[in-house]
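The values are calculated or read from the model by the stated rules, or taken from the named source; none is laboratory data. In this text the structure is predicted, and so the values were computed from the model without any measurement. Quick reminder, even Gly has a Cβ in these numbers, built from the backbone with ideal geometry, and neighbours come from all protein chains shown. Heavy atoms of the whole protein, side chains included, go into the accessibility calculation; ligands, DNA and RNA do not. Shrake-Rupley method; radii C 1.70, N 1.55, O 1.52, S 1.80 Å.
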Amino acid sequence: MAEQTATEQDVRAAATRAAAAATELAPMSRAQKDAALLAMADAVDDATDAILAANGRDVAAGHDAGLAGGLIDRLTLTADRVAAMAQGLRDVAALPDPVGEVLRGYTQPNGLEIRQIRVPFGVIAMIYEARPNVTVDAAGLAIKSGNAALLRGSATASESNAALVEVLAAAGEKAGLPADAVQLVPGTDRGSVSHLLRARGLVDLIIPRGGAGLINYVVENSSVPVIETGVGNVHVYVDAGADLDMAERIVVNSKTSRVSVCNSAETLLVHQDVAAEFLPRITSALQTRGVVLHGDGAFAELDGVQPATDEDWATEYLSLDMAARVVADVDEAIAHIRRWSSGHTEAIVTRDLQTARRFVARVDSAAVMVNASTRFTDGGEFGFGAEIGISTQKMHARGPMGLAELTSTKWVVTGDGQIR
């Protein structure tokens, strides 16, 4: 066996400490975990100035490195965003504890009592880009679900993440959590990620959260089980039966409320029967807000619209850009979505119930909105308190991932001397 590098030794040592912490976390009561989360929330509030100072250094370095505007937005913290992170911890503390929940239970004819219950995974590693708020969300959800958290943020947010983890870990341990329940993965280069991906037996689950490059790298190189949180090539389809006032509000909100997030709409599809009325209207509304449209022939006839290519249909812009196309009917919209979607979120605007049902049944994405903004695909909006990501895979976790998705199950069989 090749000799371990210093970085690999550090990563495996951190994972070993996390595994030890996980064995202590798993049996902790809800009251113990909630008390720790509330203490962590107060500590984040109290450390706002230090957190913002660290984040300011990251943002300045990001500007110097020429990071794109969308990434700068994801990276940037404000006092309100720090307060929201602390409130997210309190919201998670207020949620029911999933650990120990009985999913199935019954008694066999031979008297055996059989129950399937939720249990923690153990050690959950998060690998994510830019967004420091993920540090707090992931730590909070991991602790509430009885898991130890190994957090590997990007180098662009290294100072922010270090400040946050220092605050969370100290407050959690003071409140009774095991040491090393929340840790940063040592190292900032890709080498530390590759060592984490090979820590099978120490790390139980890896969740990548970021762009397609990061997610594909993790999926293709990990020997540890992975839950994919996919990119958001998100579509809004305006049907012939749409209320066009509603459609305008939904499209504008889906695209412009925050362009740097994965539930922001990237492609607009419009039924040909309402195109003559709706295209000039929605183009003007979007352009007024700074959106650059990349459209098919019908859209490209309007001023300021750039011709679209296949690359546009496939792109998660994360910017004030949007692809746009006119379709013949709902089936052509569905076909376009199935061809180009990343499987994250799609929306239909229509007053026709049958069309809505057809769209919902045939679109194969983690979340489908009917007459609502795509921006609602979010753990907080779904009532989870916070989320650890949006899963676009088709295993046990799909869509916004909250507490239940961070648990596995085990079977508990209770007998009275039965033998087979």
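Kindly indicate whether any position in the range 350-365 is under 27 Å from E129 (Cβ atoms) and surrounded by 14 or more Cβ atoms within 10 Å (Cβ to Cβ). Yes, that holds for at least one residue.
Go through A361, A372, A356, A397 for me and flag whichever is outside any strand (DSSP E or B) and under 24 Å from R90 (Cα atoms).
On the way: A361 fails: under 24 Å from R90 (Cα atoms); A372 fails: under 24 Å from R90 (Cα atoms); A356 fails: under 24 Å from R90 (Cα atoms).
Result of the check over A361, A372, A356, A397: A397.
The set of residues from the range 211-236 being closer than 25 Å to K255 by Cβ and either in contact with a Pro (Cβ under 8 Å, 6 or more places away or on another chain) or open to solvent by 20 Å² or more (accessible area, probe 1.4 Å) (or both) comprises G211, A212, G213, L214, I215, E228, T229, V231. Residue-level check: of (1) open to solvent by less than 70 Å² (accessible area, probe 1.4 Å); (2) farther than 15 Å from R198 by Cα, A15 misses just (2). The strands (runs of 3 or more DSSP E) found wholly in the range 62-154 and carrying at least 2 residues that are buried (at least 19 other Cβ atoms within 10 Å of the Cβ) and either without any contact (Cβ under 8 Å) to a residue 24 or more places away in the chain or in contact with a strand residue (DSSP E or B) (Cβ under 7 Å, 6 or more places away or on another chain) (or both) occupy 113-120, 123-128, 148-152. For V259, are the conditions met, namely being part of a loop (DSSP other than H, G, I, E, B), buried (at least 18 other Cβ atoms within 10 Å of the Cβ) and of a type in the set (V, I, T)? So V259 fits the description; yes. In the condition set (1) farther than 26 Å from D331 by Cβ; (2) open to solvent by 20 Å² or more (accessible area, probe 1.4 Å); (3) of a type in the set (V, I, T); (4) touching a strand residue (DSSP E or B) at 6+ places or on another chain (Cβ under 9 Å), T392 is compliant with all but (1). Within the range 400-420, restricting attention to residues that are exposed (fewer than 15 other Cβ atoms within 10 Å of the Cβ) and assigned to a loop (DSSP other than H, G, I, E, B), the residue that is nearest to the chain's Cα centre (by Cα) is G415.
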